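Read through the structure below, which is laid out as structure tokens, and then see the notes.
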Amino acid sequence: MSTMPEPHRALDCDGAFARLFDFLDKELDAATESALLAHVQHCRSCFDQAEFERRFKAAVAESRSAQRCPDALRQRVIALLGPQREAT
Amino acid sequence: MNEPAPVAPAPLTHDAFSALALTALDDVYRFARSLTRDASDAEDVVQETYLRAFRSWTTFQPGTDVRRWLFTIARNAFLRSRERGQREVILDDEGAAAADAEQAQEAWVRGGLDPILDRTDLGPAIVAALAELPEVYRSAVVLVDLEDQPYEAAAEVLGIPVGTVRSRLFRGRKLLQQRLAQHARDAGIIPDRAAGSPV
Ligand SMILES: [Zn+2]
């Protein structure tokens, strides 16, 4: 086995899973990303896993809108600006 | 094309900084909620964060991510407040202890969540499930999945190595999936029939 970096070295299922979350979080370099995509396009089981995790991450991101700063707190934070703003 | 590339963004005025900082209020609130179990503690952290930010706004570098800057202040404010109060025991091992059970539940969780992940009304159940995670996992998931911060930024904000961000995210997401599946089943969103039983 070569230790030279091979941009298009194929990934097996374990290798693909180990990099799946880095991929979904956009933390992979381009070469590893294309190796992962190549595996996932040909492996049903990894494709299903990747799709599930992608959809889960999207649902979690979407939950942002379900939690916002309460209005009373917003007013208190804005009030912190009062005296300073007049001073400038 | 002949214009010189801008070396640095123009300096901010205090008013411009304040307006920019306030655009991140929902984000800072969500992050504060991820750090504390208690809603009123989170409100204290948010107020303290903005108090410090408005005081030391000149140390903010224009052109950088104001949310990352505020998250770091919030984390420090949280640590300071915890020193004053009773120190919460951080159960870092909680996830590891449950690892075996997780393995067995994986298929059950995935099968249960799969049909409901695209629902638009899932937000409150996710917020509730997130609230049940130990803080170390919750804060990592909130920074990366909700606030879209890169690993490197999350590592800086939380004061941990990038590898730890990665492992907390992995564990945190698995725990979150379990809690969400449980919530969804309790709320009747996942029919028992479809979910099967958790082994
Ligand atoms: Zn595979």
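Condition check: at pLDDT 95 or above, within 17 Å of B:Val142 (Cβ to Cβ) and either exposed (fewer than 14 other Cβ atoms within 10 Å of the Cβ) or more than 10 Å from the ligand (Cβ to nearest atom) (or both). Does A:Ala59 satisfy that? The answer is yes for A:Ala59.
Inspection of the range B:96-115 finds no residue satisfying the criterion of being open to solvent by less than 30 Å² (accessible area, probe 1.4 Å), under 20 Å from B:Ser34 (Cβ atoms) and either within 14 Å of chain A (Cβ to nearest Cβ) or modelled with pLDDT of 60 or more (or both).
Answer yes or no as to whether B:Ser34 is closer than 19 Å to B:Val127 by Cβ, open to solvent by less than 10 Å² (accessible area, probe 1.4 Å) and modelled with pLDDT of 90 or more. Here the answer is yes, as B:Ser34 does meet what is asked.
Can you name the residue in the range A:11-47 that is without any contact (Cβ under 8 Å) to a residue 24 or more places away in the chain and within 13 Å of the ligand (Cβ to nearest atom) and is also surrounded by the most Cβ atoms within 10 Å (Cβ to Cβ) among such residues? That would be A:Arg19. Pairs linking a residue in the range B:169-190 that is within 11 Å of another protein chain (Cβ to nearest Cβ) to a residue that is surrounded by fewer than 19 Cβ atoms within 10 Å (Cβ to Cβ) and of a type in the set (Asp, Glu), with Cβ atoms under 6 Å and 6 or more positions apart or on different chains, are B:Lys174/B:Glu102.
The values are calculated or read from the model by the stated rules, or taken from the named source; none is laboratory data. Please read these numbers as outputs of a predicted model, since none were measured by experiment. FYI the Cβ positions are ideal-geometry reconstructions off the backbone, even for glycines, and counts take in every protein chain you see. Remember, those area values only see protein heavy atoms, side chains included, never the ligands or the DNA or RNA. Shrake-Rupley method; radii C 1.70, N 1.55, O 1.52, S 1.80 Å.
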